[in-house]
Amino acid sequence: MNRPARMHRLAFPLLAALALAAGCAQEQTRYGDAKGVETVNNQFGSTDLQMIAESMTRSMLQAPVIVAGNLPVVTVQEVKNKTSEYIDTRAITDSIRSEMQKGGKVRFAVDAPGMNPQIDEIKRQQGEYYAKEHAVEKGQMVGAQYRLEGNITSIVKQVRDTKDVYYKVNLQLWNIRNGLLEWSDEKEIRKTTTRG
Amino acid sequence: MRYAWTIVAVLLVAGCATKKGFEVPGQAFGCPIGDAKVSSMEDLVKLKVAMEGTRTTVVPTEMRCSKSGDLLKIDANLNNDSRSVKRISYKFRWIDREGMRAADEEAWKPLLMYENSNLVINTVSPTGKAADFRLILRSQE
């Protein structure tokens with residue numbers, strides 16, 4: 001039998017075997033631990049987000065303006081992403097806000113992205129379909145006394161089989177009335193990936 | 001006069017007999033112990049520390065607490081006396097006065113300990129409802 005003909009006869013069983021193997025390699029989905037340490041790669045991940053939110057919240061709870069016990073009103077502004085990767089910084093501030101709110105020592109005023117939906121709802125309630133006594137009046141919103149802002153930076157170094165990523169998150173709480181910095185803190189994280 | 005001196009002497013002895021860290025009933029080194037019998041730092045650490053998952057050879061050796069307003073501040077000293085770097089994760093579990101959970105379960109926090117080293121981890125309770133705590137450790141290896 002010549003070579004092309006022999007190869008032709010082997011091709012079909014080989015393709016059939018490959019198709020069978022691919023069919024047997026089934027995907028499996030399982031629930032994991034949302035609070036577990038995640039080390040899939042060295043990009044910004046869930047554990048980093050959780051550590052930053054917890055560390056910043058616990059630090060802010062000890063700030064004199066918070067400890068004073070007057071339920072200060074805070075608005076959350078932007079946390080700038082100064083890293084080279086995509087990070088949803090809103091997720092960081094949402095986690096901080098959620099934990100601070102549960103602590104019961106701070107109140108949050110609507111932030112800039114939330115203003116349009118807030119105004120739309122107030123305007124909607126001015127319509128003729130709402131009973132005046134049950135509708136929200138315009139001009140009753142409470143302004144924030146403090147604003148929370150910050151940034152996240154990273155330093156990435158790579159040589160041969162080692163990649164080191166260092167993150168630093170800095171948050172500040174500013175007094176809106178007098179422009180004083182009432183609280184500030186940083187959280188550092190280092191992740192190193194080695195091959196082999 | 002003789003009896004006055006006797007009373008003063010008894011009071012002095014009573015004062016000296018009190019061990020430092022146990023002056024306040026229900027507390028040891030500033031940490032809440034409830035009705036548990038704690039007479040040393042080792043007892044306190046045994047009471048407050050739990051291991052979950054893979055056990056680690058890193059051991060807490062000291063624990064101290066204080067109040068920051070109505071929040072509980074905790075410092076825990078961890079010791080790695082092995083000759084290798086250890087990777088562990090830890091979290092605190094917060095308990096209220098009724099013995100129920102005072103806050104949501106915390107996320108695990110990774111920690112690297114160099115060989116032959118001590119490291120102090122510190123935290124503050126997330127809410128004034130937290131009256132007690134447990135430090136949970138696990139190995140990441």
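Please treat every number below as a calculation from the coordinates, not as lab data. What you are looking at is a predicted structure, and each value in this text was computed from that prediction instead of being measured. Neighbour counts are summed over all protein chains in view; Cβ atoms, including those assigned to glycine, are modelled from backbone coordinates with ideal geometry.
Points worth noting:
- All positions within region A:24-48 that are surrounded by 14 or more Cβ atoms within 10 Å (Cβ to Cβ), more than 9 Å from chain B (Cβ to nearest Cβ) and out of contact with any strand residue (DSSP E or B) (no Cβ under 9 Å at 6 or more places or on another chain): A:38
- The residues in region B:93-125 that are facing chain A (nearest Cβ under 10 Å) and in contact (Cβ under 8 Å) with a residue 40 or more places away in the chain can be counted, and the count is 4.
- When residues of region B:34-86 are limited to those that are under 15 Å from the mean Cα position of the chain (by Cα) and β-branched (Val, Ile, Thr), the one farthest from residue B:121 (Cα to Cα): B:38
- Complete set of residues in region A:78-115 that are crowded, with 16+ Cβ neighbours inside 10 Å, within 14 Å of chain B (Cβ to nearest Cβ) and not charged (D, E, K, R): A:92, A:95, A:96, A:100, A:103, A:106
- Condition check for residue A:57: of a type outside the set (D, E, K, R), closer than 25 Å to residue A:163 by Cβ and not in a loop (DSSP other than H, G, I, E, B): no
- Residues of region A:154-186 that are out of contact with any Ser or Thr (no Cβ under 6 Å at 6 or more places or on another chain) and polar (S, T, N, Q): A:158, A:170, A:175, A:178, A:184.
- Selection count where residues are in a strand (DSSP E or B), among the acidic types (Asp, Glu) and either within 14 Å of chain A (Cβ to nearest Cβ) or exposed (fewer than 15 other Cβ atoms within 10 Å of the Cβ) (or both), scope region B:55-71: 0
- Just one of (1) buried (at least 19 other Cβ atoms within 10 Å of the Cβ); (2) among the small types (Gly, Ala, Ser); (3) under 29 Å from residue A:140 (Cβ atoms) fails for residue A:53. It is (3).
- For region A:49-63, residues that are in contact (Cβ under 8 Å) with a residue 12 or more places away in the chain and in contact with a helix residue (DSSP H, G or I) (Cβ under 9 Å, 6 or more places away or on another chain) total 9.
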